[in-house]
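Scroll down for the structure; my scribbles are underneath it.
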Amino acid sequence: MSDNEASKEPFEPKIVAFFCNWCTYTAADLAGTARMVYAPNIRVVRIMCSGRLDPQFVLAAFRDGADGVLIGGCHPGDCHYQEGNYYALRRFTLLKKLLKSMGIEEARLRLEWIAASEGDKVKKVMNDMTEAVRELGPLRLEPRAYDLIQAQPAAEIEVTTSAQEVHHE
Amino acid sequence: MSKPKVGFYWCASCGGCEEAVIDLAEDILPIVEAVDIVFWPVAMDFKRADVEALSDGELAVSFINGSVRSSEQYEMVGLLRAKSQLIVAFGSCAHLGGIPGLANMFDRKEMFEEIYLRLPSVNNDKRVMPAEEITVPEGKLTLPASWDTVKTLDQVIEVDYYLPGCPPPVDLIKEAVNAILSGELPPKGSVLAPDVALCEECPRRDSKPEELALKEFKRPHEIEIDPEKCLLAQGLLCLGPVTRKGCGASCVSVNMPCTGCMGPTGRVMDYGAKALSAIASSVDSKDEHEISAILDRIVDPVGTFYRYSLPASLLHRCYQQTASEDEGKEQ
Amino acid sequence: MKYLYYPGCSARSTGKPYEESMLSVAEVLEIPIEELEDWNCCGATTYMAINELKAFALCARNFALAERQVEAEEEINLVAPCAACYLGLNKAQHYLGEFPEIRAKICEGLHAAGLESTGRVRVRHPLDVLVNDIGLEKIASAVTKPLEGFRVACYYGCQIIRPYAEFDDQHRPTTMDRLMESLGAEVIDWPIKTRCCGGSLTGTVQECGLRLSAMLLNEAKNRGCNVIATACPLCQFNLECYQSQMKRQFGYEFKMPVAFFTQLIGVAFGIPKRKLGLQRLFLPLPDVSKVAVCPLPSPSETKASVGGSNVPS
Amino acid sequence: MSQVETGSNGTPKVGVYVCHCGINISQKVEISETVEFAKKLPYVTVVREYKFMCSDPGQELIQQDIREGLVDRVVVASCSPLMHEHTFRGAMAAGGGNPFLFQMANIREHVSWVTVDKKAATKKAKALIAAAVERIALHQPLERVQVPVHPDVLVVGGGIAGIHAALTLADSGKKVYLVEREPTIGGHMAKLDKTFPTLDCSACILTPKMSAVGAHPNITLWTYSEVTKVDGYVGNFKVTVKRKPRYVDEEKCVGCLECIEACIFKEGKFRSEFDEGLSKRKPVYIPFPQATPLVAVIDPETCIEFKTGKCKKSCAEVCAPEAIDFEQTEKIKEIEVGAIVLATGFKTFDAARVSRYGYGKYPNVYTSLEVERLVNAAGPTGGEVLLDNGKKPKTVGIVHCVGSRDENTNPYCSRVCCMYSLKLAHLLQERTGAEIYDFYIDMRTPGKGYEEFYERVSQEKVHFIRGRVGEITDWAMEPEEVGKLVMRAEDTLMGAVRRVPVDMVVLAVGLEPQDDAEEVRRIFNIGCSHDGWFLERHPKLAPVSTFTDGVFLAGACQGPKDIPDSVAQAGAAASEAMAIIDRGYVELEPNTAFIIEDLCSGCKTCVAICPFSATSFDEEKKVVVVNGALCKGCGTCVAACPSGALQQNLFTDEQIFHEIKGVVSYV
């Protein structure tokens, strides 16, 4: 359903952002107050600290249809809760390695330190990330070709490959 | 009054779960006494037609082990679902996808080529590949079709209960069977094991420090393991804190770190992500590059954190996005 | 680490002794340096003033050549002794880094010529390389004839530290001062060491250019200097070659030798004169063996002159 | 897990209220389309739109729906929760609902103000509303916890701001700890000669306040001491103070100065910190005669006894009360306070960083603070302004904005330099009769009586030149410049470059954050602005509060300030602190972590993570317990908990999973 729509309209990435309450969310508010226009593709989920970010949230966002995930926290040393952002960095680092092995492009997950006063950085990061994900295209988590067989009754499965024909390469 | 009828079946699995039933030893006798096993291909000569001949819901319970990855398995579990009142996903593979689930790092084509053409021990000059149908002078022969993606049992049929473990611990099996026989069952969808992580029953628990401050991850063969001390504290990647208890900490008791076969506890949605979060939280560094270097010691994050649960993970499988990009270019 | 040498046009003409002395000094200090192959004009000040983009393209071609020549290293040190080349190349590299639109345009041009500039090149001045990479300690240990009796005014000129203060204070640089001291020379306090020498005005509005040069020479002389060290071929030319003209115009007789700082290093190292191009200087270096060393005049005793009003126009 | 846990009220009833915010939202977001969308979301029973939801009638809409039983959970789609979450929670409570069954969708700051395309804005607004509705069904009623407050207050820094805050608090009956790093209180103000614009003597107005601090029964004064650690939270801070050894017993010393007289150094030999290095002190010294406390201090860095152990210790011999104690050691004090006032002040800009002004090179180039000491009758020269040749200056140049309003150093205006430059111009002219040249960029004199003072000084022998000084040099171009310092500047009113030869230069150095501001910030867990000044909670409406409840700012640690402003802010900080103490309790946000004990395996992963020690391992129960009063609600432990046994109120895993689902899967 939504796929059909998507194929008609140009691809607009959906990106979920997890912003910490004290720095990055405030910076996003500041960007708003200052009427800085940026790409409408990023939707913010507020958490109190980037340290609250459970890697499960990132995967859930991808599963639910996000094409990218952005994490925003206070600059190192500036965490409102002292060290939460370092925990975010550690988890992010390992999650990034995991996602790479899972075949998900690096640009789809991004961590940025944005201080409460950096409204301009919010704008820049929002625009940059939207462009980067747009370039990659949609994240396709749909079933593979041979998984579709599952949906059909066994009798209707059309099988044409024969042993002789599989001499590729 | 006739005894309740029971079925056993295996899908993509190693057979260890079947062994676990045998491991009940003499305790199997009262069970056999109490039930009527009407389908158990690994032990007795039953055919699919025997199951088809049963009426719907005639089986009190079917224990199915193994993950689902072929058309035959799909049809069989569908059939058993129709004939059974209860379905128990038996063991890690049926529960979470298990070791065979790691095949989700690839798709079917890659896997066939690896197995039938590239493996060093394979001698296949004619490059014969498995096919679903082949014509021979005598007529047509068919094989079940393999899927690209390995599924957990509950991704293809409705499952009533789960018995976790690779294989499920004997005590849990007994408790589960007794519960079924007595009808004292927890809510549908439950995992038939305690909902607490392994540390709780770990003999090394008291030696686990409050701060791990991991600077380096070690592998079991690299160090002389202290048999008393918490394995994480020794730098070994033990997944006990993330994994459901119920196995009696059998691996940890013999100096091997927990690899997570019992799966996550009830409130965890994605085992690997949670494990990753807990482990990364214990890394002792604030420097981006150092953190990366320390975590680089985990050479295979997917194999480490999703050893038994890749198909059950939120992402289910590996996605090679490059392939879809190519398609895009062709258009 | 290898250094690439970008001569620019003046090192092959009026600034020949700069090149000769720099390479000789590099040899003594065993600095691995090789010339950039097929280099082209840096665009100089004039081109930069007329069409910046084209001037950047000229510079960028040099960067691309450097990247082709030194593939192995992450950062390539391109040594540009001429102050104008140094500034021009530096400016180009800054603009290419800062403005993606400029970078894109230039890269497009380079691609057409099968070249690529990724920003690996760092433009360096020999003064920076000698003091900050090689170190004063090593230089001092190579001194065989300390520059005793040399009262040096270190002249930085306008281009090597402004606007890109890459290696020294923009307003009161000390790199050359420290270098000269390490050679055993006496360095005079000369507050106008970054003032304009007249630059190309000397060739266009000569009177104006000459006056600027004369101010520098006068203050140096008043403060007891007996040789000026420069780091720029045009400064050297302006300060040295017009002294007789200044005498005619303003009535001052300076007879002030003006040498490249690399020549003075060479002298302290005991390198033969011809290898330093000393024979090309119009005014010979002071023969310190014959000069009695007397105390320096203090600035308050010096006479002020060549100011605005009392210079005959 | 993803099931909605219904309370006793049964199925949730969600009300969605979409705000137009005048036209702030409605000009970009199609309100009617959004309302239709919201009606179809799960559990939504009421959807309303209104021009200003935050207004009284807007809030009344919510209250009425709650009272009538139409809704029990509320989503307001309007501005940022940082703006009005408090308002709407209040409205919920007033309507009889639980204030935490509330969620905001930020469709103004995050949507209408940052999006051009109406369609895109509407789509994004829908997504944010869906997210809020998805999570609100899982909200649980919560209560704020009240914690009693410790009645004492800590004031850090003993400059005029700290002194005034301490006295205000102490006079109101609060017990105050005043901690100062230097051997005496007084700060920068003690160094000044006169104060602008009234020209009253700085010492005359400051020293009575200093002695009042020393004598006040409610003030515990700890000089030569530093705060090293702060634990706890508003109302209940635990503070560790390091008292450095001064090698003189404070209780015994009577301030008779005999020890200083008797020191084996006959003359002062070491840089006097108080006199900005313009005079020398001995290893044993009292910074200045009015120091509070009037107690000597021995500097181990310069004392012969500490260097060699072979001094004859004549200081100890002459000390009748036997106050000198070479064995004294550092003492650690732990105190409990309910509120903290930070008044750690500023440092002056290092003039040597602007090399072209020749500070450190030319002896007659001074900083303004040095000149304060020179013109001070109690200063090193007894108020005589003399050059290094012993003569009085005939001409003096003053350079404004040294280290201020300059992108190479500090971009901000230091606010006090124009006024103190005018004051110094007046004083120098008065003391020496010299001609003054005052180089300014803009003359900034906004303050009571300030412009009048400017007017007054401009009638004196002071030449104002509008232009930034380019350089100061001893290069003489004209005969009259010989032997002088030449100031070159473009006179922007005249439109020409001028060279002004002078005998003496005063650099009006700006104000900078203290060198250890970053460290102090960390200890007190507050924020810094880009420039390094401590960050107030809100620049207009909460100018003395910080992001850490119970920690307040006074004086120039928050930004450059003159004395009247510092004192005013110190008073404000003191009364904010008093408000907390007098109320007697604090209410904590309920977004704290909690543990589901049955699920906890006791793996302790969370214990070391908490910087506030809120999580601890209960050895008896063998599970982790959370101290809700210590928890600040960051949720870092929750993300680390491998079993999902730790959760955070208002941010449970389920709530966030639902919010994610809502934000991406609808539109």
> Residue check: is residue D:160 more than 13 Å from every other protein chain (Cβ to nearest Cβ), open to solvent by 20 Å² or more (accessible area, probe 1.4 Å) and hydrophobic (A, V, I, L, M, F, W, C)?
Replying inline: yes
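Suppose the filter is under 26 Å from the mean Cα position of the chain (by Cα) and more than 9 Å from every other protein chain (Cβ to nearest Cβ); does residue D:593 pass it?
no
Considering only residues that are out of contact with any helix residue (DSSP H, G or I) (no Cβ under 8 Å at 6 or more places or on another chain), assigned to a helix (DSSP H, G or I) and open to solvent by less than 30 Å² (accessible area, probe 1.4 Å), which ones fall in segment B:219-243? Before the answer, list the steps.
Filtering segment B:219-243 for residues out of contact with any helix residue (DSSP H, G or I) (no Cβ under 8 Å at 6 or more places or on another chain) gives B:219-222, B:224, B:227, B:234-235.
Now narrow it down to the ones that are assigned to a helix (DSSP H, G or I): B:220-222, B:234.
The answer is B:234, and nothing else.
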> Restricting segment B:30-54 to residues that are under 23 Å from residue B:175 (Cβ atoms) and without any contact (Cβ under 8 Å) to a residue 24 or more places away in the chain, which is farthest from the chain's Cα centre (by Cα)?
Replying inline: B:33
> Considering D:661, D:632, which residue is at pLDDT 95 or above, among the basic types (Lys, Arg) and closer than 27 Å to residue A:85 by Cβ?
Replying inline: D:661
> Is at least one residue of segment D:587-599 touching a Leu at 6+ places or on another chain (Cβ under 9 Å), open to solvent by 20 Å² or more (accessible area, probe 1.4 Å), part of a strand (DSSP E or B) and at pLDDT 95 or above?
Replying inline: yes
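What number of residues in segment B:244-253 are assigned to a loop (DSSP other than H, G, I, E, B) and more than 10 Å from chain D (Cβ to nearest Cβ)? Don't jump to the end; show me each part of the working.
Let us first name the residues in segment B:244-253 that are assigned to a loop (DSSP other than H, G, I, E, B), namely B:245-249.
Still in the running and more than 10 Å from chain D (Cβ to nearest Cβ): B:246-249.
So the answer is 4.
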> Is it the case that segment C:79-97 has a residue that's touching a residue at least 12 places away in the same chain (Cβ under 8 Å), under 30 Å from residue C:230 (Cα atoms), assigned to a helix (DSSP H, G or I) and of a type in the set (D, E, K, R)?
Replying inline: yes
> Taking segment D:164-180 as the search range and keeping residues that are assigned to a strand (DSSP E or B) and under 14 Å from residue D:554 (Cβ atoms), which one is farthest from the chain's Cα centre (by Cα)?
Replying inline: D:176
>> So residue C:196 passes all but one of these: (1) in contact (Cβ under 8 Å) with a residue 40 or more places away in the chain; (2) within 14 Å of another protein chain (Cβ to nearest Cβ). Which condition number does it fail?
In response: (1)
>> Can you tell me how many residues within segment D:401-450 are touching a helix residue (DSSP H, G or I) at 6+ places or on another chain (Cβ under 7 Å), farther than 19 Å from residue D:369 by Cβ and either assigned to a helix (DSSP H, G or I) or β-branched (Val, Ile, Thr) (or both)?
In response: 2
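Could you look through segment A:1-15, keep only residues that are more than 17 Å from residue A:131 (Cβ to Cβ) and not polar (S, T, N, Q), and pick out the one that is modelled with the lowest pLDDT?
A:1
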> Of the residues that make up segment C:229-239, is at least one hydrophobic (A, V, I, L, M, F, W, C) and farther than 23 Å from residue C:14 by Cα?
Replying inline: no
> Can you name the condition, by its number, that residue B:211 falls short on among (1) open to solvent by less than 40 Å² (accessible area, probe 1.4 Å); (2) within 14 Å of chain A (Cβ to nearest Cβ)?
Replying inline: (1)
>> For segment C:31-39, check the following and say yes or no: at least one residue is at positive phi, buried (at least 22 other Cβ atoms within 10 Å of the Cβ) and either out of contact with any Asp or Glu (no Cβ under 6 Å at 6 or more places or on another chain) or charged (D, E, K, R) (or both).
In response: no
> Among the candidates D:351, D:339, which residue alone is in contact with a Leu (Cβ under 8 Å, 6 or more places away or on another chain), under 20 Å from residue D:279 (Cα atoms) and open to solvent by less than 10 Å² (accessible area, probe 1.4 Å)?
Replying inline: D:351
> part of a loop (DSSP other than H, G, I, E, B), within 14 Å of chain A (Cβ to nearest Cβ), more than 30 Å from residue D:347 (Cβ to Cβ) and out of contact with any Leu (no Cβ under 9 Å at 6 or more places or on another chain), is that true of residue D:634?
Replying inline: yes
> Do the conditions hold for residue D:492, that is, is it crowded, with 21+ Cβ neighbours inside 10 Å and not assigned by TED's automatic domain parsing to the domain that holds residue D:238?
Replying inline: no
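Yes/no per residue for (1) surrounded by fewer than 23 Cβ atoms within 10 Å (Cβ to Cβ); (2) more than 8 Å from every other protein chain (Cβ to nearest Cβ); (3) within 27 Å of residue D:611 (Cα to Cα):
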residue	(1), (2), (3)
A:22	no, no, yes
A:33	yes, no, no
A:39	yes, yes, no
A:54	no, no, yes
A:66	no, no, no
A:94	no, no, yes
A:101	yes, no, no
A:106	yes, yes, no
A:121	yes, yes, no
>> Here are the criteria: (1) within 13 Å of chain B (Cβ to nearest Cβ); (2) surrounded by fewer than 21 Cβ atoms within 10 Å (Cβ to Cβ). Tell me which single one residue A:90 does not satisfy.
In response: (2)
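Checking the conditions here, which among A:80, A:75 is touching a residue at least 60 places away in the same chain (Cβ under 8 Å) and either open to solvent by 10 Å² or more (accessible area, probe 1.4 Å) or more than 9 Å from every other protein chain (Cβ to nearest Cβ) (or both)? Working first, answer last.
Numbers: A:75 fails: touching a residue at least 60 places away in the same chain (Cβ under 8 Å).
Exactly one of A:80, A:75 is touching a residue at least 60 places away in the same chain (Cβ under 8 Å) and either open to solvent by 10 Å² or more (accessible area, probe 1.4 Å) or more than 9 Å from every other protein chain (Cβ to nearest Cβ) (or both), namely A:80.
Give segment D:263-297 a look and list any residue that's over 19 Å from residue D:328 (Cβ atoms) and not in a loop (DSSP other than H, G, I, E, B), or say none.
D:270, D:271, D:280, D:281
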> Among (1) under 21 Å from residue D:585 (Cα atoms); (2) open to solvent by 20 Å² or more (accessible area, probe 1.4 Å), where does residue D:176 come up short?
Replying inline: (2)
>> Please go through segment C:132-173 and give me each residue that is farther than 23 Å from residue C:89 by Cα, among the β-branched types (Val, Ile, Thr) and either open to solvent by 40 Å² or more (accessible area, probe 1.4 Å) or touching a Phe, Trp or Tyr at 6+ places or on another chain (Cβ under 8 Å) (or both), ordered by number.
In response: C:143, C:144
> Among C:184, C:199, which is the only one that is under 23 Å from residue C:238 (Cα atoms) and either touching a helix residue (DSSP H, G or I) at 6+ places or on another chain (Cβ under 7 Å) or in a helix (DSSP H, G or I) (or both)?
Replying inline: C:199
> Tell me, which residue of segment C:117-131 that is farther than 27 Å from residue C:30 by Cβ and open to solvent by 10 Å² or more (accessible area, probe 1.4 Å) is nearest to the chain's Cα centre (by Cα)?
Replying inline: C:119
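Using the structure shown, decide if residue B:199 is in a loop (DSSP other than H, G, I, E, B), on the phi < 0 side of the Ramachandran plot and at pLDDT 95 or above.
No: the conditions fail for residue B:199.
The values are calculated or read from the model by the stated rules, or taken from the named source; none is laboratory data. Quick caveat, the model's predicted, so the values are computed rather than measured. When we count neighbours, we look across all protein chains shown, and the Cβ atoms used for this are built from the backbone with ideal geometry, even at glycine. Side chains are part of the model used for accessible areas, which takes the heavy atoms of the whole protein and leaves out ligands, DNA and RNA. Shrake-Rupley method; radii C 1.70, N 1.55, O 1.52, S 1.80 Å.
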